[in-house]
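To keep things clear, I will list the structure first and then write my remarks on it.
The values are calculated or read from the model by the stated rules, or taken from the named source; none is laboratory data. Nothing here was measured: the structure is a model prediction, and the numbers come from that model. Using ideal geometry, Cβ is built from the backbone for each residue, glycine included, and neighbour counts are taken over all protein chains shown.
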Amino acid sequence: GAVVSQHPSWVICKSGTSVKIECRSLDFQATTMFWYRQFPKQSLMLMATSNEGSKATYEQGVEKDKFLINHASLTLSTLTVTSAHPEDSSFYICSARGTGGIQYFGAGTRLSVL
Amino acid sequence: AQRVTQPEKLLSVFKGAPVELKCNYSYSGSPELFWYVQYSRQRLQLLLRHISRESIKGFTADLNKGETSFHLKKPFAQEEDSAMYYCALSESGRRALTFGSGTRLQVQP
């Protein structure tokens, strides 16, 4: 089946630094990828829709200058958390939309901001 | 705005017992409904979608537009069914998913 690779799986950073998370569709092309955030014991909340070759569409309440999304190719989307603070600590999950409209998910990235 | 409700955080059953994980949604249009499953230490994966009308791993789900429900059912639970189950909705014409809060299914031996 279709595989989505997300890297890194876990990152610890100092407050004020920026962190980049990569999401790759390994065996299929994805014009649309999605970024979700999951707080402990809560569900996935959509942050933004990443469209190849165009600007991402952010959900209400998500700061686009804080969470920079780049989708430069049909197999790669990146999420950069800029000037990270402890409240940005969370589990970030990406997905890629494959054939038939099915979303395939990455394994997630746990971000801890000290 | 669309909303997906899974009223049970935890559902515990014995092996061989029937299982029903509830999912209700609110959306004025024609949604597409999905069930995703997350086994321990694994990523989220699609279990089934309503337009396929198929049975996966013995699970079925029927979209009931009158009751705005998409409950997941299995007649005889197995221990390997223990996992976190998420109901999700996709609005017509929109590709993103809205997830319910999830239900942890625990199948005891």
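Laid out as a table, the results:
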{"quantity": "First in segment A:84-104 and under 14 Å from B:ARG49 (Cα atoms) and within 11 Å of another protein chain (Cβ to nearest Cβ), second anywhere and acidic (Asp, Glu) and crowded, with 16+ Cβ neighbours inside 10 Å, Cβ under 8 Å, 6 or more apart", "calculated": "A:GLY101/B:GLU32"}
{"quantity": "Residue in segment A:50-57 that is modelled with pLDDT under 95, out of contact with any Cys (no Cβ under 9 Å at 6 or more places or on another chain) and crowded, with 22+ Cβ neighbours inside 10 Å present", "calculated": "no"}
{"quantity": "Residue satisfying condition, being at pLDDT 90 or above, of a type in the set (S, T, N, Q) and within 17 Å of A:LEU46 (Cα to Cα), within set B:GLN45, B:GLN38", "calculated": "B:GLN45"}
{"quantity": "Qualifying residues in segment A:11-42 (those that are buried (at least 18 other Cβ atoms within 10 Å of the Cβ) and among the small types (Gly, Ala, Ser)) - the one nearest to the other protein chains (Cβ to nearest Cβ)", "calculated": "A:ALA30"}
{"quantity": "Restricting segment B:54-103 to residues that are without any contact (Cβ under 8 Å) to a residue 24 or more places away in the chain and among the polar types (S, T, N, Q), the residue that is farthest from B:SER30 (Cα to Cα)", "calculated": "B:SER55"}
{"quantity": "Search result, residues across segment A:12-62 that are of a type in the set (Asp, Glu) and closer than 25 Å to B:LEU89 by Cβ", "calculated": "A:GLU52, A:GLU59"}
{"quantity": "Filtered residue count, segment B:57-109, keeping only those that are of a type outside the set (Asp, Glu), in a loop (DSSP other than H, G, I, E, B), more than 14 Å from the chain's Cα centre (by Cα) and more than 12 Å from chain A (Cβ to nearest Cβ)", "calculated": "7"}
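Residues checked against (1) out of contact with any Pro (no Cβ under 9 Å at 6 or more places or on another chain); (2) farther than 17 Å from A:ILE93 by Cα; (3) among the small types (Gly, Ala, Ser):
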position: A:TYR36; (1), (2), (3): yes, no, no
position: A:PRO40; (1), (2), (3): yes, no, no
position: A:THR49; (1), (2), (3): yes, no, no
position: A:GLY53; (1), (2), (3): yes, yes, yes
position: A:THR57; (1), (2), (3): yes, no, no
position: A:ILE69; (1), (2), (3): yes, no, no
position: A:SER73; (1), (2), (3): yes, yes, yes
position: A:SER77; (1), (2), (3): yes, no, yes
